[in-house]
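Contents: one structure, followed by commentary.
The values are calculated or read from the model by the stated rules, or taken from the named source; none is laboratory data. None of these values were measured; they are calculated from a predicted model. Every residue, glycine among them, receives a Cβ derived from its backbone with ideal geometry; neighbour counts consider all protein chains shown.
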Amino acid sequence: MLGGSSTAAISPSLRDELRVATAAVHARLHLHVGLAAVAAKRIDVSGYRQLLLRLYGFYLPFEIAARLAPLRSGWLADDLTALTTPGYRLATSALCATLPRLDSPQAVLGAMYVVEGSALGGRGLARQLNCILGDATLSGRRFFASDGADTGRAWRAFVDRLDRVADQDRTIVIDAAIATFCCFETWMDDWEAVGNA
């Protein structure tokens, strides 16, 4: 070889591996009827309330299983309260019972890839809700707006954590991300069956 240089294969980052491994389910979720209706400004308040109830039914047990503070489920509860969903309705709403196993820090990190990534997309959806919520407040859209937090900074901090994952733990992270995406997709499939609050 000229100059004695060699080219070593560069392994993809864990972030890149996660993106490829979850691409199909991620693409399908972009087509989800409720989420697509928000993106296209075609959702009404009743449909939006049903969508939030279904999201709440996933995030509350997810945060418990992952031993996370009830941040996103709290934002969803606030949004539903702003949409006049009584507290007793939340207490009796359906909860996802088929979560992936989150029994290690690596599995939780993989699951968090789904949650942190969705927060980035949620900011765009929050703006699309102006058609039913107006544009002056976070009320009713705290979840999609991540309560006004800097999602870009949170995502960069999360990617830094991914970059520190040991090679032998990558499979656990990837498998947990895929399982979480698939669980979320299945849970959201019959979101319209939730009924009006």
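What the table below lists for this structure:
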item	result
Any hit, the range 95-102, residues being out of contact with any Asp or Glu (no Cβ under 7 Å at 6 or more places or on another chain) and more than 18 Å from ILE178 (Cα to Cα)	yes
In the range 155-197, the residues that are closer than 23 Å to VAL25 by Cα and aliphatic (A, V, I, L, M)	VAL159, LEU162, ILE172, VAL173, ILE174, ALA176, ALA177, ILE178, ALA179, MET188, ALA193, VAL194
Selection count, the range 28-48, where residues are surrounded by 21 or more Cβ atoms within 10 Å (Cβ to Cβ) and among the charged types (D, E, K, R)	0
Complete set of residues in the range 110-148 that are outside any helix (DSSP H, G or I) and surrounded by 13 or more Cβ atoms within 10 Å (Cβ to Cβ)	LEU129, LEU138, SER139, GLY140, ARG141, ARG142, PHE143, PHE144, ALA145
Residue selected from the range 88-123 under the condition modelled with pLDDT of 90 or more and polar (S, T, N, Q), by the criterion nearest to GLU192 (Cα to Cα)	THR98
Subset of the range 149-175 (residues that are exposed (fewer than 14 other Cβ atoms within 10 Å of the Cβ) and either among the acidic types (Asp, Glu) or in contact with a His (Cβ under 9 Å, 6 or more places away or on another chain) (or both))	ASP150, ASP160, ASP163, ASP167
